[in-house]
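See structure below.
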Protein chains: 2
Amino acid sequence: MIAVDWGTSSFRAYRLGRDGRVLDTRSAPSGILSVANGKFSAVLDAQAGDWIRAGDGPVVMSGMIGSRQGWLEVPYAACPAGFDEIAAGMRKVAWDGTTAWIAPGLSCRDEAGIPDVMRGEEVQILGVLDRLGAGAHTICLPGTHSKWVDVSDGKIARFTTHMTGEAFAVFKAHSILGRMMKDGATDVTAFEDGVRRSADAGGLLHHLFGVRAGGLLGELSEATSASYLSGILIGHEIRSAHRSRSQVHLLCSVRLVEIYGRAFSALGIEAKVFDSDSVTKGLFRLAAYL
Amino acid sequence: MIAVDWGTSSFRAYRLGRDGRVLDTRSAPSGILSVANGKFSAVLDAQAGDWIRAGDGPVVMSGMIGSRQGWLEVPYAACPAGFDEIAAGMRKVAWDGTTAWIAPGLSCRDEAGIPDVMRGEEVQILGVLDRLGAGAHTICLPGTHSKWVDVSDGKIARFTTHMTGEAFAVFKAHSILGRMMKDGATDVTAFEDGVRRSADAGGLLHHLFGVRAGGLLGELSEATSASYLSGILIGHEIRSAHRSRSQVHLLCSVRLVEIYGRAFSALGIEAKVFDSDSVTKGLFRLAAYL
């Protein structure tokens, strides 16, 4: 089969063997926002047309390609959702006698009835469900919009999204905090100070101003302020998202594993890391439903 | 005397009578960031030189004019601080045979030793101290960087700063949340929904993403999203800054009185509003120390 992970800013296609092994990979900076006039089929043809014509099996895609700005808006499936519910939500696109399938996103509501959504991460989670086994598990997928997912007996029971990565980016680039920051490697001490700061009284909006006050008083340097800010935000995310403090499964890039791993250590939470082939594993399993 | 409130983006001068009454007012968009080559004396001469030459008494200034980017960096006085401590921290600038005084800002440290600072608000607080009387009081000065101030027996005991207004501005202008917002009048229902949302589990970074999810699912409109975001941020500020839920004294512009007044009502907190002549009252009292 052909598995496609098509997000806002990047495109990745994988040719998978009958056992699900990755035989070949293609990637391009052809995220959906870069595709002009809705010509998604042309991009897919250019990237993986030879695989498709060679009869390498069904094409299954996930990510923002199924959003309103993508190829076809695929409705969100509702939690709780596992393989069956997500597979049932797949929708077909057709062009030039060829077809491809797009997986749905997921939605859920909290106790107050407020909605949350994801699109793309649900397939990554499907890709690790088998390895999690029965019982209840918590998965953290950190990033621009971090996802915290409760899995129970093979289904995604509920999840929450946290704007941690985007908050860091906008405060650094556009707020007064960024004026006192230099780019550079993470300062581990400042980062861990920030993570621990999240446990103090005063709330996030106050802790953020501490980055400014520390700079004004010469207690934070331009080299350490960004790391401290990152620690504050990630600390608040973890403390708010995961109040039980039980073991967390971390599903993300190597770079984020390093950063979040440090935060979990500082908060005394055990984190178990998955390798990052979860998207292809999830799409491979969905293809079996076609 | 001549009282000058000189901030980052605006300049205001007041001619006060012997009883402290405002006889005349001048204002200009000559905030310290707009003053080229450190020519602060030229701006002051242009705005209030006639008053100074007429011998209208001492010139006392407060605000960012005493910061590193201002006329003279005046060190922060440390909390607890009342009239005596703040008056003792005033510093003199001189030009062309004339002098003026700049009030210091204030600094404090919380139990964890993390610093906080203010510059300008301390004089507004001095201006209402007499009216507060003895005992313990909480003052809220909302804004770009909201200040929450504990006053005890005529001294500023401690305070916390919250980046509420700036967070609203950067999320609206620079994050994905702003893409689904139209400018317009406050939607009271959406604002109060946001204030109440701050009490739910999940934390601020999660509640922020709810603005996005509600928009994607058609449950928040472009006309109501900004009000909901504002309510979430102000709700988090109040709940984190003022955990006792006792009466609060609100010291700010009429526009912010309306917004914060609604938030306090939604949270069941009694708010008492001061009229906004507190800066001149504070500077008038400081002039008596010269």
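Ignoring ligands, DNA and RNA, how much accessible area is buried between chains B and A, both sides summed, with a 1.4 Å probe, to the nearest 100 Å²?
Buried area between the two chains comes out at roughly 4000 Å².
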(request) Write out the trypsin sites (Lys or Arg not before Pro) in the stretch B:1-47 meeting two conditions: DSSP loop, and at most 13 other Cβ atoms within 10 Å of their Cβ. (result) B:R18, B:R21, B:K39
(request) Can you spot the aspartates and glutamates whose alpha carbon is less than 12 Å from A:K182's alpha carbon? Ignore those fewer than 8 places along the same chain. (result) A:E222
(request) Provide the gained length on full extension for the span B:A36 to B:E258, in nm with one decimal, where the gain is 0.36 nm per separating residue minus the Cα-Cα distance. (result) 76.3 nm
(request) Taking every Cα atom in the stretch A:84-130, find the radius of gyration and the maximum pairwise distance Dmax, and write them in Å. (result) 13.8, 46
(request) Of the options A:M118, A:S265, A:S253, report the single residue whose Cα projects farthest towards the positive end of the charge dipole of chain A (beta-carbon charges: Lys, Arg +1; Asp, Glu -1). (result) A:M118
(message) If N is the number of residues in the protein assembly as shown, what value comes out of its Cα radius of gyration divided by 2.2 N^0.38 Å?
(response) 1.14
(message) If the rule is a partner Cβ under 4.7 Å, which cysteines in chain B fail it?
(response) B:C140, B:C252
(request) Hey, could you grab the Kirkwood Rh for the stretch B:61-171? Inverse mean 1/r over distinct alpha carbon pairs, Å, one decimal. (result) 14.7
(message) Tell me the carbon and sulfur percent of the accessible area for the stretch B:96-152, rounded to whole percent, probe radius 1.4 Å.
(response) 44
(request) For the stretch A:157-221, state which trypsin sites (Lys or Arg not before Pro) are in a DSSP loop and have at most 15 other beta carbons lying within 10 Å of their beta carbon. (result) A:K182
(request) Mind checking the per residue accessible area of chain B for me, 1.4 Å probe, whole number of Å²? (result) 41
(request) Round to a whole angstrom and tell me the spacing of the C-alpha centers of the stretch A:241-276 and the stretch A:1-64. (result) 30
(request) Can you list which of the trypsin sites (Lys or Arg not before Pro) found in the stretch A:52-117 are DSSP loop residues with at most 11 other C-beta atoms within 10 Å? (result) A:R68
(message) If I model a spin label at A:T98 and A:A201 as a point 7 Å from the Cα along the Cα→Cβ vector, what separation in nanometres do I get?
(response) 6.3
(request) Tell me the label-point distance for the pair B:S152, B:Q247, using the 7 Å Cα-to-Cβ offset, in nm and rounded to one decimal. (result) 2.0
(request) Specify whether the C-alpha gyration tensor of the stretch A:3-95 places it in the rounded, prolate or oblate class, a ≥ b ≥ c being the square roots of the eigenvalues: rounded for a/c under 1.5, otherwise prolate if a/b is larger than b/c and oblate if not. (result) oblate
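How long are the semi-axes of the equivalent ellipsoid of the stretch A:156-276, defined as square roots of 5 times the Cα gyration tensor eigenvalues? Whole Å, largest first.
Numbers: eigenvalues 124, 45, 36 Å².
Rounded to whole Å, the semi-axes are 25, 15, 13.
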(request) Pick out which of B:A199, B:A13, B:A54 has the largest mean-square fluctuation in a Gaussian network model of chain B, springs linking Cα atoms closer than 10 Å. (result) B:A54
(message) Give me the dipole magnitude in Debye, nearest 20, for the stretch B:10-60 about the Cα centre, with unit charges on the beta carbon: positive for Lys and Arg, negative for Asp and Glu.
(response) 60
(message) Rg over Rh of chain A, using C-alpha atoms and the Kirkwood radius, what does it come to?
(response) 1.01
(message) Take B:A28 and B:E270, extend 7 Å from each Cα along the Cα→Cβ direction, and tell me the distance between the two endpoints in nm.
(response) 4.6
(request) Rounded to the nearest Å, what's the spacing between the alpha carbon centres of the stretch A:106-184 and the stretch B:67-131? Just the number, please. (result) 43
(message) Can you tell me which lysines have their Cα less than 29 Å from the Cα of B:K281? Leave out same-chain residues fewer than eight positions away.
(response) B:K39, B:K92, B:K147, B:K155, B:K272
(request) Select from the stretch B:217-241 all residues whose loss of accessible area on going from the chain by itself to the full protein assembly reaches 30 Å² or more (probe 1.4 Å). (result) B:L217, B:E219, B:S240
(message) If exposed means no more than 14 neighbouring beta carbons inside 10 Å and the site is in a DSSP loop, what's the longest run of chain B without any exposed GluC sites (Glu not before Pro)?
(response) B:112-218
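Whenever you get a sec, compute what percent of the accessible area on the stretch A:1-68 sits on carbon and sulfur atoms (1.4 Å probe).
Its accessible area is 46 percent carbon and sulfur atoms.
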(request) Just check the stretch B:142-186 against the gyration tensor rule for me: Cα atoms, a ≥ b ≥ c as the square roots of the eigenvalues, rounded for a/c under 1.5, and otherwise prolate or oblate depending on whether a/b exceeds b/c. (result) prolate
(message) Threshold 30 Å², probe 1.4 Å: give the residues of the stretch A:186-210, in number order, that are less accessible with all protein chains present than with their chain alone.
(response) A:R197, A:A201, A:G202, A:L204, A:L205, A:H206, A:F209
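The values are calculated or read from the model by the stated rules, or taken from the named source; none is laboratory data. If you're wondering where the values come from, they're calculated on a predicted model, not measured in any experiment. Cβ atoms come from the backbone with ideal geometry, glycine included; neighbour counts cover every protein chain shown. Side chains included, ligands, DNA and RNA excluded: accessible areas come from the protein's heavy atoms. Shrake-Rupley method; radii C 1.70, N 1.55, O 1.52, S 1.80 Å.
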